[in-house]
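Scroll down for the structure; my scribbles are underneath it.
The values are calculated or read from the model by the stated rules, or taken from the named source; none is laboratory data. All values reported here derive from a predicted model rather than from experimental measurement. Cβ atoms come from the backbone with ideal geometry, glycine included; neighbour counts cover every protein chain shown.
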Amino acid sequence: MRHLSFLTLTLLLLQTHVALAQQHTWTNSNDKTAFLGINSDQLSDEKAKLLGFEHKYGSYVSGIIANTAAEKAGLSPFDYIYGIDNFRTDEDRSLTSIIRKYKAGDKGTLHLVRKGKQITVDVVFGNRNDTEGQEKKEKEEVFLGVSPHEDESSDEAGVKVTVISKSTAEEMGLKDGDLITSINGYSLVDWQDLTTAIRTLKVGEKITVEYQRDGKTAKAEQKAKAREIKEKTYTIITDGWDWNDKSESGNSAFLGINSTSVSTEKAKKLGFDNPYGSYVTKVIDNTAAAKAGLQPFDYVVGVNDSRVDKDQSLTDILRKFKTGDEATLHFIRQGKAQTARVTFVKRPDQEFEWNMDDCKKPFLGISQSHQPDDQQGVAVTIVENSTAADMGLQDGDVITAINSHAILDWEDITTAINSLKVGDNIQVTYSRKGEKTNGSKPIKSYCDTKKKANGIGAAMSFAQTMKKSTTNRAVANASM
């Protein structure tokens, strides 16, 4: 992917974690629907088999939400829930759908597997609003000091790691290439399991790591240390590749997207439970992503069993694969979870061309205006003789959707316009004085608009637009 050389961001590492939650959404609810309060993942057939689960349609707990029924019942990460009372999960019935049969205050008996043993746990279901009003307690975060090894094989049960210097992992004697198989008795199959295990720890607690090295099994113990928070400088990259870095292996996997991260607030507005995914802004022609049918505004959250989180970005996951590998992408498109099979390709020898000729650039003809505090969307100023002017937009209109894609910020507008070609129809939904209106026209080029306009000072050039749209991008830290 391309390194945007004009922009380097200095950001503090984000410490707030919001896990992929099967039973936790952003929508406030005043109804009486039962709420359990877990973050969980569904397992692939292969992972369920490696963990010894005969029932493969359960929910693998990765986190417990504070002050909920799950916490009060004593549920723990790595519990594998496959039923409630006489109901069992199956191919057509998830744990979520079973829980919908209950109301807040109802009692139930959970059927689950914990450390290889089938047990039952009684629970009194709560309400989704149980978590509201709770004070957020800041706590030091445990830092083991490992990141995914470049030669990690998806066929191995365990996590092959690279060790970070001056970390807990280094102090306990771990080395690059060690395969961690368990932490504090919890079996690890993949990086997601390692992430879950680390989150169960507190700073100062003993951490016991079992690992394999050169075919031999060993064990190491050490008190868990906190993560040091320091300012770090990140260079914007997309899809795991810096075009100016020639040191990467030519056999490494290449997906073929330009993407951006989203803020927690934006993820909430879009209905994404996991705010650590990659929001696709461009699909590069003739790449794995293009052949798999990915589109701008798709939100990629994982590959195979791996899911993005605050310590593992899509870039980190993709580094596990090589050219020719096949995998399943997990993404959200217009609110629906979807999958697509991809075959990773080799990175092109030449970088993607960003400096498109002005006469080939789709140009709507807007610039950002003062944003009303009470409206969602982007308030705009209109360029004379532009596509926007032709369809009747006026200064101060608030754009809320383009071609059915929700518009929350300027970057969404950039993504929507850059997905078009000159002459394609663009449909804009906007609000004017509280009334919703639609406009539709074939989009002109920047060149054609500029020729017809007497003053283009209000327009933002393509390069300026790109710079503005990337102001809040960052690459997630890969290490645990």
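Given the structure, is GLY335 closer than 17 Å to SER252 by Cα, surrounded by fewer than 17 Cβ atoms within 10 Å (Cβ to Cβ), among the small types (Gly, Ala, Ser) and in the same structural domain as SER252 (by TED's automatic domain parsing)?
On the way: closer than 17 Å to SER252 by Cα: no; surrounded by fewer than 17 Cβ atoms within 10 Å (Cβ to Cβ): yes; among the small types (Gly, Ala, Ser): yes; in the same structural domain as SER252 (by TED's automatic domain parsing): yes.
It is false that GLY335 is closer than 17 Å to SER252 by Cα, surrounded by fewer than 17 Cβ atoms within 10 Å (Cβ to Cβ), among the small types (Gly, Ala, Ser) and in the same structural domain as SER252 (by TED's automatic domain parsing).
For LEU14, indicate whether it is surrounded by 15 or more Cβ atoms within 10 Å (Cβ to Cβ), closer than 26 Å to LEU188 by Cα and at pLDDT 50 or above.
Working: surrounded by 15 or more Cβ atoms within 10 Å (Cβ to Cβ): yes; closer than 26 Å to LEU188 by Cα: yes; at pLDDT 50 or above: no.
Spelling it out, it is not the case that LEU14 is surrounded by 15 or more Cβ atoms within 10 Å (Cβ to Cβ), closer than 26 Å to LEU188 by Cα and at pLDDT 50 or above.
Is one or more of the residues making up the stretch 203-223 assigned to a loop (DSSP other than H, G, I, E, B), modelled with pLDDT under 85 and not hydrophobic (A, V, I, L, M, F, W, C)? Show your work before the answer.
Step one: list which residues in the stretch 203-223 are assigned to a loop (DSSP other than H, G, I, E, B), which gives 203-205, 214-215.
Next, only the ones that are modelled with pLDDT under 85 stay: none.
Scanning the stretch 203-223 turns up no residue that is assigned to a loop (DSSP other than H, G, I, E, B), modelled with pLDDT under 85 and not hydrophobic (A, V, I, L, M, F, W, C).
All but one of (1) touching a strand residue (DSSP E or B) at 6+ places or on another chain (Cβ under 8 Å); (2) touching a residue at least 12 places away in the same chain (Cβ under 8 Å) hold for ASN438, so report the exception by its number.
(2)
In the stretch 51-105, which residue that is among the basic types (Lys, Arg) and part of a strand (DSSP E or B) is nearest to ARG128 (Cα to Cα)? Show your work before the answer.
The first filter runs over the stretch 51-105 and keeps only residues among the basic types (Lys, Arg), leaving 56, 72, 88, 93, 100-101, 103.
Right, trim to part of a strand (DSSP E or B) and you get 88, 93, 103.
Numbers: ARG88: 23, ARG93: 21, LYS103: 11 Å.
Checked the stretch 51-105; the qualifying residue nearest to ARG128 (Cα to Cα) is LYS103.
Which residues, counting only those in the stretch 67-88, are among the β-branched types (Val, Ile, Thr) and within 26 Å of the chain's Cα centre (by Cα)?
THR68, ILE81
ASN425 passes all but one of (1) modelled with pLDDT under 90; (2) under 24 Å from ASP285 (Cβ atoms); (3) not charged (D, E, K, R); which number fails?
The failed condition is (1).
Please determine, by comparing only the residues of the stretch 242-280 that are farther than 21 Å from GLN312 by Cβ and of a type in the set (S, T, N, Q), which one is modelled with the lowest pLDDT.
Applying the filter and picking the extreme gives ASN244.
Report every pair of residues separated by at least 6 positions or lying on different chains whose Cβ atoms are under 7 Å apart, first residue within the stretch 389-402 and assigned by TED's automatic domain parsing to the domain that holds SER431, second β-branched (Val, Ile, Thr) and not in a strand (DSSP E or B).
Within 7 Å, the pairs are ALA389/VAL383; ILE399/ILE407; ILE399/ILE413; THR400/ILE407; ALA401/ILE407; ILE402/ILE413.
Check ASN127, ASN86, ASN39 and return the single one that is touching a residue at least 60 places away in the same chain (Cβ under 8 Å) and out of contact with any helix residue (DSSP H, G or I) (no Cβ under 8 Å at 6 or more places or on another chain).
Numbers: ASN86 fails: touching a residue at least 60 places away in the same chain (Cβ under 8 Å); ASN39 fails: touching a residue at least 60 places away in the same chain (Cβ under 8 Å).
Exactly one residue qualifies, and that residue is ASN127.
Output the residue which, of all residues in the stretch 129-151 that are at pLDDT 65 or above and over 23 Å from the mean Cα position of the chain (by Cα), is farthest from ASN39 (Cα to Cα).
If we take residues in the stretch 129-151 being at pLDDT 65 or above and over 23 Å from the mean Cα position of the chain (by Cα), then GLU140 is farthest from ASN39 (Cα to Cα).
Looking only at the stretch 314-329, filter to residues that are part of a loop (DSSP other than H, G, I, E, B) and modelled with pLDDT of 85 or more; which one of those is farthest from GLU46 (Cα to Cα)? Write out each step before concluding.
The initial filter retains those residues of the stretch 314-329 that are part of a loop (DSSP other than H, G, I, E, B), namely 319-321, 323-325.
Cutting the leftovers down to modelled with pLDDT of 85 or more gives us 321, 323-325.
Numbers: PHE321: 18, THR323: 22, GLY324: 21, ASP325: 17 Å.
Only one residue fits best here, namely THR323.
Taking the stretch 277-312 only, how many residues are farther than 29 Å from SER62 by Cα, charged (D, E, K, R) and touching a residue at least 60 places away in the same chain (Cβ under 8 Å)?
1
So, in the stretch 400-448, exactly how many residues are crowded, with 17+ Cβ neighbours inside 10 Å, more than 26 Å from THR260 (Cβ to Cβ) and not charged (D, E, K, R)?
Looking only at that region, the number is 1.
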